[in-house]
Amino acid sequence: MSSKALPQIPSDPFECLCQGCERPWEVDVDPFEVAERTWYVGNGWVGAYLLDTGAGLVLIDTTMQPQVYLLFEAIRKLGLDPADIELILISHMHYDHIGGVRALVEATGARVMMSREDWDFMQERPDQIFASGYPCGSFTPDAFFSDDTPVELGDRRVRTVLTPGHTPGTTSFFFEAGGLLCGMHGGVGLNTLGDAFLAESGLPVSARNDYLASMLKVRAIPVQVTLGSHPAQVGMLEKVEAIRPGHNPFHDPAIWHGLIDGRIAQVRTLMGEAA
């Protein structure tokens with residue numbers, strides 16, 4: 001368990017980006033187990049998850065390039081070797097999730113998978129990566145997700161579900177760990193769906209409909225361990241001190257429904273306001 005105080009994270013996403021890139025040590029947290037052979041290796045603002053497959057490691061999301069050293073240290077603290085990362089799965093194409101891809105690929109030789117929809121969007125609208133001038137090496141995915149074909153490595157199997165809205169290719173992940181179904185929605189943020197953002201970016205208002213449909217699609221999945229793409233979304237860091245043998249504080253089916261139902265209500269309010 002971590003003995004570190006919880007990092008102070010600004011409420012404004014741009015300030016989070018600046019803090020995470022310019023003073024990454026301020027968001028450092030110790031890694032912790034969220035389910036069997038599954039660990040949180042992200043930082044105080046943005047999540048990343050490591051799965052031991054018996055045939056190498058799978059990493060879900062990469063944080064930002066200036067934070068990669070924190071991610072490497074988190075993996076080492078678990079007694080694992082970052083060089084054993086075989087596969088990187090990307091939830092969506094915003095900088096805080098893809099910023100570390102190139103550095104990780106250079107260091108480990110890992111293969112990269114993401115949605116074709118977000119890959120195409122990155123090529124068309126690189127401004128929407130939100131790197132804001134911070135370092136972000138280029139990369140090319142080795143393969144694209146398919147809802148019909150789970151990602152498999154060793155004895156782990158990850159189901160991917162296209163859940164557009166936050167970005168056109170946001171992808172959510174579902175997998176078993178120690179008999180529990182873990183789920184991570186790839187992007188629940190409504191910051192890309194507000195009136196001002198859509199007007200400024202020229203993106204379609206129909207993205208709100210995509211978001212709502214995506215939420216309704218995954219609502220009924222019986223997730224038992226909810227993994228936040230940002231830990232604050234589901235209060236993950238506050239639960240770390242409750243970890244003890246025989247007790248997993250992240251095992252709570254109500255969290256998934258609370259997260260999804262809350263976002264459904266928010267986007268419906270947003271759509272009502274737009275109308």
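The values are calculated or read from the model by the stated rules, or taken from the named source; none is laboratory data. No experiment lies behind these values; they were computed from the predicted model shown. A quick note on method: Cβ atoms are made from the backbone with ideal geometry, for glycine too, and the neighbour counts reach across all protein chains shown. Heavy atoms of the whole protein, side chains included, go into the accessibility calculation; ligands, DNA and RNA do not. Shrake-Rupley method; radii C 1.70, N 1.55, O 1.52, S 1.80 Å.
Summary of values
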quantity: Qualifying position, being under 19 Å from Arg157 (Cβ atoms) and either open to solvent by 40 Å² or more (accessible area, probe 1.4 Å) or charged (D, E, K, R) (or both), among Asp96, Asp61, Asp12; calculated: Asp61
quantity: Failed condition for Leu71, given (1) hydrophobic (A, V, I, L, M, F, W, C); (2) open to solvent by less than 40 Å² (accessible area, probe 1.4 Å); (3) closer than 20 Å to Ile98 by Cα; (4) in contact (Cβ under 8 Å) with a residue 60 or more places away in the chain; calculated: (4)
quantity: Tabulated pairs, the range 188-201, first among the aromatic types (Phe, Trp, Tyr), second open to solvent by 20 Å² or more (accessible area, probe 1.4 Å), C-beta under 9 angstrom, 6+ apart or interchain; calculated: Phe197/Asn191; Phe197/Leu203
quantity: In the range 111-137, residue nearest to His97 (Cα to Cα) [restricted to those that are assigned to a helix (DSSP H, G or I) and among the hydrophobic types (A, V, I, L, M, F, W, C)]; calculated: Ile129
quantity: Only listed residue being out of contact with any Asp or Glu (no Cβ under 7 Å at 6 or more places or on another chain), under 22 Å from Ala55 (Cβ atoms), open to solvent by 40 Å² or more (accessible area, probe 1.4 Å) and at pLDDT 95 or above, chosen from Val105, Val101; calculated: Val105
quantity: Test: residue in the range 34-41 that is open to solvent by 20 Å² or more (accessible area, probe 1.4 Å), outside any strand (DSSP E or B) and under 18 Å from Phe173 (Cβ atoms); calculated: yes
quantity: Test for Ser138: is it of a type outside the set (Asp, Glu), in contact (Cβ under 8 Å) with a residue 24 or more places away in the chain and buried (at least 20 other Cβ atoms within 10 Å of the Cβ); calculated: no
quantity: Gly169 being modelled with pLDDT of 95 or more and at positive phi; calculated: no
quantity: Residue in the range 15-33 that is surrounded by the fewest Cβ atoms within 10 Å (Cβ to Cβ), counting only those that are of a type in the set (Asp, Glu), in contact (Cβ under 8 Å) with a residue 12 or more places away in the chain and in a helix (DSSP H, G or I); calculated: Glu22
